[in-house]
Amino acid sequence: MQLFKSKEHLNTRESDWIQGAKEGDPRSQKAIYDMLSRKMFAICLRYMGDRESAEDVLQDGFVTLFSKLGSYLGEGSFEGWARKIFVNTALMSLRKKDVLKQSEDVDAAWSILSDEPTPVQNLGYNELLTYISELPAGFRTVFNMYVIEGYSHKEIAEELGISETTSRSQLLRARALLQSRIKKH
């Protein structure tokens, strides 16, 4: 009895699920949900900061994923394609809440930073995610997009409808606030 399937077999199964879901097969949709839900929930939680909002975004993300499944052409990673949908769904939700309306100029953010080395190196992954989830929504959004997703400030500004200066300010303030909270603990 073979316990582990080959990567090729998993890709074939994934392709079958995608094709089935495109045709409206509920079992294929459930298989895709089961395959992606934990990872996509982590993304939603990272952006939204609380479980209830993350669950709402997860649900909206799957609705979007299944409605746009026909546009997935099999080029590149399906998970990567899905990830973009969930990030965009979270960003849309945050835009509706106007989380960046209380931003400051980048010059004001410099005064928050200290010259001391950051204690982040001593933290575990889960501890760091907890601190990130506690950031105000605007800070958390820009921090996630820049540090974790790899967006540039220009891309963040375009995506969120803010200036590049605001994006930089939000990132600086997020980092400073993270440092402060980590030092306290």
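The values are calculated or read from the model by the stated rules, or taken from the named source; none is laboratory data. Predicted, not measured: the structure shown is a model, and the values here were computed from it. Note that each Cβ is placed from the backbone with ideal geometry, even for glycine, and that neighbours are counted across all protein chains shown.
Checked against (1) at pLDDT 85 or above; (2) outside any helix (DSSP H, G or I), Ala21 passes all but condition (2). If you scan the stretch 60-94, which residues turn out to be closer than 25 Å to Tyr146 by Cβ and not in a helix (DSSP H, G or I)? Those that are closer than 25 Å to Tyr146 by Cβ and not in a helix (DSSP H, G or I): Gly76, Ser77.
A quick yes/no check of all residues on (1) more than 27 Å from Arg51 (Cα to Cα); (2) at pLDDT 90 or above:
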site: Val106; (1), (2): yes, no
site: Ala109; (1), (2): yes, no
site: Val120; (1), (2): no, no
site: Tyr125; (1), (2): no, no
site: Glu149; (1), (2): no, no
site: Lys154; (1), (2): yes, yes
site: Ile162; (1), (2): no, no
site: Thr165; (1), (2): yes, yes
site: Ser180; (1), (2): no, no
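Pairs are defined by a Cβ separation below 7 Å, a sequence spacing of at least 6 or placement on different chains, a first member in the stretch 49-72 that is at positive phi, and a second member that is of a type in the set (Gly, Ala, Ser) and in a helix (DSSP H, G or I); the pairs so defined are Gly49/Ser133; Gly49/Ala137. Among the residues of the stretch 157-177, the ones that are without any contact (Cβ under 8 Å) to a residue 60 or more places away in the chain and either in contact with a helix residue (DSSP H, G or I) (Cβ under 6 Å, 6 or more places away or on another chain) or of a type in the set (S, T, N, Q) (or both) come to 6 in all.
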